[in-house]
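The values are calculated or read from the model by the stated rules, or taken from the named source; none is laboratory data. What you see is a predicted model; the values in this text were computed from it and never measured. Cβ placement follows ideal geometry from the backbone for every residue including glycine, while neighbour counts extend to all protein chains displayed. Protein only, heavy atoms only, side chains kept; ligands, DNA and RNA dropped before computing areas. Shrake-Rupley method; radii C 1.70, N 1.55, O 1.52, S 1.80 Å.
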Amino acid sequence: MLSKEIEKALNSQITIEAESSQVYLAMASWAETLGFEGVAAFMYAHSDEERMHMLKLVKFINERGGHAKIATLKAPPISFGSFKEMFQTLFDHEVMVSASINELVHISLQERDYATHNFLQWYVAEQIEEEALARNILDKINLIGDDKGGLYLFDNDVKLLTVTASVDPNA
Ligand code: OFO
């Protein structure tokens with residue numbers, strides 16, 4: 001059985017994951033309107049991943065006798081400046097998500113809820129991967145700068161990352 005405090009904290013994380021999914025969906029749509037198919041495909045897949053992160057939490061809370069609540073979400077921005085700015089926003093967002101997961105881990109230890117602690121380890125590992133991936137993309141885009149040909153190649157490159165980074169929803 002979940003304590004009220006853990007239930008509340010996990011529910012807040014549902015909202016964070018849902019908002020991540022929305023922001024990345026907005027990024028996908030923006031990139032698509034600019035004709036960058038690779039970046040759009042990458043962001044659509046990332047948005048799906050975040051929805052999966054959210055669903056995992058919903059199921060876990062309900063399985064443990066709590067009630068997963070679905071909250072209203074803030075509307076994400078419509079455009080994101082440049083791709084460099086967009087991927088910086090993505091990276092900063094993931095760092096914020098990692099901090100939030102760390103806080104959840106901390107609360108689960110305080111409450112001696114080892115089942116939740118164990119469940120959260122999946123998110124801890126996932127955040128290491130997501131931050132590394134975002135950092136990797138930022139490094140690439142910093143090398144390219146505003147070079148049009150470079151951006152074209154970058155778009156193709158990111159398309160490949162989408163294939164390799166695709167997730168197993170049952171993981
Ligand atoms: Fe990319 O954040 Fe979910 O966990």
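Per-structure values
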| quantity | calculated |
| --- | --- |
| Sulfur and carbon atoms: percent of accessible area, the chain [1.4 Å] | 57 percent |
| Derived scalar couplings ³J(HN,Hα) [the range 43-60; Karplus, 6.51 cos²θ - 1.76 cosθ + 1.60; whole Hz; x for Gly, Pro] | 6, 4, 5, 5, 4, 4, 4, 5, 5, 5, 4, 5, 4, 4, 5, 4, 5, 5 |
| Amide H contacts under 5 Å for Gly66, placed H, 5+ residues apart | Leu2 |
| Selected from Arg112, Arg51, Arg64 as most flexible by GNM, with the chain as the system and alpha-carbon contacts under 10 Å | Arg112 |
| Cα-Cα over 26 Å, subset of Lys84/Lys159; Lys56/Lys140; Lys59/Lys159; Lys8/Lys74 | Lys56/Lys140; Lys59/Lys159 |
| Check: the range 1-64 dipole with +1 on Lys, Arg Cβ and -1 on Asp, Glu Cβ, in debye | 320 debye |
| Computed E for Ser12/Lys148 - FRET, C-beta separation, R0 45 angstrom, nearest 0.05 | 0.60 |
| Label-point gap, in nm, between Ser100 and Ser29 - each point 7 angstrom along Cα→Cβ | 2.0 nm |
| Per-residue HN-Hα couplings for the range 123-134 [Karplus 6.51, -1.76, 1.60; θ = phi - 60°; Hz; x = Gly/Pro] | 5, 4, 5, 4, 5, 4, 5, 5, 5, 5, 4, 5 |
| Estimated vicinal HN-Hα couplings, Hz - the range 29-40 in sequence order (Karplus 6.51, -1.76, 1.60; Gly, Pro = x) | 5, 4, 4, 5, 5, 8, x, 9, 5, x, 4, 4 |
| Asp157, Asp113, Asp92, Asp48, ranked by accessible area, largest first (probe 1.4 Å) | Asp48, Asp92, Asp157, Asp113 |
| In nm, spacing of pseudo-spin labels at Ala132 and Glu5 (7 Å Cα→C-beta vector) | 3.3 nm |
| Rounded FRET efficiency, nearest 0.05, which uses the C-beta distance separating Trp122 from Glu85 and R0 of 22 Å | 0.15 |
| Accessible surface ranking that places the most exposed of Lys159, Lys84 first, with a 1.4 angstrom probe | Lys84, Lys159 |
| Per residue, in Å², the accessible surface of the chain once ligands and nucleic acids are set aside, probe 1.4 Å | 55 Å² |
| The chain - charge dipole about Cα centre, Lys and Arg +1 at Cβ, Asp and Glu -1, debye rounded to 20 | 440 debye |
